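Right, one structure below, let's go through it.
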Amino acid sequence: CYPVTLITTNGMGGDTITKTCYINVVPAGSNYCSPAPTLGVGNSFINGVHLNTLNNLNTGNNNGSVYTSYPSPITDVALTINSVLTIYSGLDNSDYYAAWIDYNNDYDFDDANEKLGQLTNVPANSSTTITFAVPAGTTLGTKRMRIRVAHTSNSGSIIDACTPYFFGETEDYTINII
């Protein structure tokens, strides 16, 4: 990863800010999965996500995209301190919501502690939360966070980050571990 330095000057003086490990170069051929539900979004959509300064609200609809990447804005998340992720639900009363962070930047969400939590049978038009703490020892810098909603016929399902369920939506965000 690479640091970024912003230097500004004017007639009144100047200022400099440096963000450590702010840009990650992705090797060619390295990609995250982009799950595509077999029947589209339907009423199983993410209507908003809030985490610290990230506030992406009223973005969902039943004719929306099944996958969206939001590379900005980036929000800071402190190492080992509890953070609260709020997810706003769509129009279905029996959806599953889950969240992950790829802490080691290996282009998957399968490693220990990367699944932040899962919520089942979330009511329509509601907000629900997942509280998590970034594990000690996690490398600082930018990481991919994934939020998913899935509508599945298997009661009690444990959803993963890549399976194409019947209906649903996936949103990816960039966070910065500090």
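The values are calculated or read from the model by the stated rules, or taken from the named source; none is laboratory data. Remember, predicted model here, so these are calculated numbers, not experimental data. Note that we place each Cβ from the backbone using ideal geometry, even for glycine, and neighbour counts take in every protein chain shown. Calculation scope for accessible area: heavy atoms of the full protein, side chains included, ligands and nucleic acids excluded. Shrake-Rupley method; radii C 1.70, N 1.55, O 1.52, S 1.80 Å.
Side notes on the structure shown:
- Residue satisfying all of: in segment 56-76; more than 12 Å from the chain's Cα centre (by Cα) and outside any loop (DSSP other than H, G, I, E, B); nearest to PRO123 (Cα to Cα) among these: LEU57
- Subset of segment 87-105 that is open to solvent by 10 Å² or more (accessible area, probe 1.4 Å) and among the polar types (S, T, N, Q) - its residue that is nearest to THR174 (Cα to Cα): ASN105
The rows are residues; the columns are (1) among the small types (Gly, Ala, Ser); (2) in contact with a strand residue (DSSP E or B) (Cβ under 7 Å, 6 or more places away or on another chain).
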site: SER126; (1), (2): yes, yes
site: THR142; (1), (2): no, yes
site: ILE147; (1), (2): no, yes
site: THR152; (1), (2): no, yes
site: CYS162; (1), (2): no, no
site: PHE167; (1), (2): no, yes
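- Residue check, TYR165 aromatic (Phe, Trp, Tyr) and open to solvent by 40 Å² or more (accessible area, probe 1.4 Å): no
- Verdict on ARG144 being among the basic types (Lys, Arg), in contact (Cβ under 8 Å) with a residue 40 or more places away in the chain and open to solvent by 20 Å² or more (accessible area, probe 1.4 Å): yes
- GLY48 meets all of the listed conditions (1) at pLDDT 95 or above; (2) open to solvent by less than 40 Å² (accessible area, probe 1.4 Å); (3) more than 19 Å from ALA161 (Cβ to Cβ); (4) not in a strand (DSSP E or B) but one, namely (4).
- Residues considered: SER126, SER157, SER94. Of these, the only one that is modelled with pLDDT of 95 or more and farther than 26 Å from ILE177 by Cβ is SER126.
- Qualifying residue in segment 103-116 (condition: assigned to a strand (DSSP E or B) and at pLDDT 95 or above): yes
- Condition check for LEU91: among the aliphatic types (A, V, I, L, M), more than 18 Å from ALA161 (Cα to Cα) and either touching a helix residue (DSSP H, G or I) at 6+ places or on another chain (Cβ under 9 Å) or assigned to a loop (DSSP other than H, G, I, E, B) (or both): yes
- Evaluation of ILE46 against (1) out of contact with any Asp or Glu (no Cβ under 6 Å at 6 or more places or on another chain); (2) in contact (Cβ under 8 Å) with a residue 12 or more places away in the chain (one fails), failing number: (1)
- Residues of segment 60-84 that are free of Cβ contacts under 8 Å to residues at least 60 places away in the same chain and surrounded by 14 or more Cβ atoms within 10 Å (Cβ to Cβ): ASN61, ASN62, SER83.
- If only residues of segment 120-151 that are assigned to a strand (DSSP E or B) and aliphatic (A, V, I, L, M) are counted, the one that is farthest from the chain's Cα centre (by Cα) is VAL122.
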